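Everything below concerns the one structure shown next.
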Amino acid sequence: MGSNNKRYLLYIAQNYSYAILRPLQQAIRARGDEVCWFLEGNEVDPLFLKPTEKHLLSIEEVKAWQPDAVLVPGNVVPNFIPGIKVGVFHGFNAGKMNHKGREDHFEIRDCFDLYCTQGPATTQPFLRLAEKFGTFKVVETGWPTLDPMFRRDLENPYRIDGDTRPVILFCSTFSRSLSCASIIYEQIKVMSKQGNWRWLVQFHPKMSQDIVDKYKALENENLKFVETDNVLPLLKAADVMLCDTSSILIMFLLLGKPVVTFKNHTNSSHLVNVEQLGAIQPALEQALSRPSELMAKIGDYCDDIHPCRDGHSSERVLLAVDDLIESGISGLVSKPMNLLRHFKMRRKLGYWKV
């Protein structure tokens, strides 16, 4: 795959974005192109960078390096840095509404030239938005983050040789109004002591510390609390997930595995949802048996949300970027100035040059 030595900037603002973009970095390096990271703000820790990863420390350095494309898992990116701006998303559409009463996943913030979508469920709405605004293109590539998950060579530190018990992974969102972590704590405490299953517990990095501490204190020979910036090995290790509304459940479903949810109000037939604490354990037992009707519903859902499960979404993103670099963005409508948003970004980055 020839590419005349293109330059790609990986622009992140959260620690979880390292794992989101590293498959793209691997694909960029495999084609012999150049890649650098830029870390925005103080919520992303440079200590997560590996010694082999190049880090640009300022907007001046970014402008001097002149990237051809900027790959962004977040919602916004400054218009004053070079390169076409590519939205690759930080997760799946979990149906969350923003303060304007609109689905946040489909909010257009006048920052991107290209959206690389995950599957028909997101491609079709974005194509309609592209027709409406004319300021960006849309290509369905699949989500690069999942590439390692669909490959067989993913190392897995969470499997234990000789332990054949089913593995339950409990994940929960950080929002207090949506999280079930504190509500089902006692239930998990009881189930984890029974010993018939092995438990893995992992929370969103923004989960409140008091809940994290409670679950850390639960650790025993049947339950391990995991803090990691890469959830993919956890997803591969488990047989069933217990969750609430966190979008991580979508990634788990894409492995063809069932999810039990507590008070998930999406009325989704591909989930085993329960409303009562006493129903959690029977629901997990049901999910472990993998009922054929449930598994068929999961298959249909996955085909809509992310049909590309070959582990090569990163390469498709780079091909889509190649096409836009070669065709140029002159055919797109100019983006609205959106002075307030870009002023805020300049202030955050401390950059005031033209």
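The values are calculated or read from the model by the stated rules, or taken from the named source; none is laboratory data. Everything numeric here is computed off the predicted structure, so don't read it as measured data. Cβ: placed from backbone, ideal geometry, glycine included. Neighbour counts: every protein chain shown.
Picking from Asn79, Asn15, Asn42, which residue would you name as being assigned to a loop (DSSP other than H, G, I, E, B) and either hydroxyl-bearing (Ser, Thr, Tyr) or exposed (fewer than 14 other Cβ atoms within 10 Å of the Cβ) (or both)? Only one candidate passes the filter, namely Asn42. Here the condition is being more than 18 Å from the chain's Cα centre (by Cα) and hydroxyl-bearing (Ser, Thr, Tyr); of Thr141, Thr164, it holds for Thr164 alone.
Looking only at region 248-292, residues that are in a helix (DSSP H, G or I) and of a type in the set (Asp, Glu) come to 1 in all.
Criterion applied to Asp210, Asp147 was being over 11 Å from Leu242 (Cβ atoms), surrounded by fewer than 22 Cβ atoms within 10 Å (Cβ to Cβ) and either touching a residue at least 12 places away in the same chain (Cβ under 8 Å) or not assigned by TED's automatic domain parsing to the domain that holds Glu43 (or both), and the one residue passing it is Asp210.
Across region 314-338, what is the total count of residues that are in a helix (DSSP H, G or I) and either buried (at least 18 other Cβ atoms within 10 Å of the Cβ) or aliphatic (A, V, I, L, M) (or both)? Residues that pass the stated criteria total 11. Thr123 - would you say it is crowded, with 22+ Cβ neighbours inside 10 Å and in contact with an Asp or Glu (Cβ under 8 Å, 6 or more places away or on another chain)? No: the conditions fail for Thr123.
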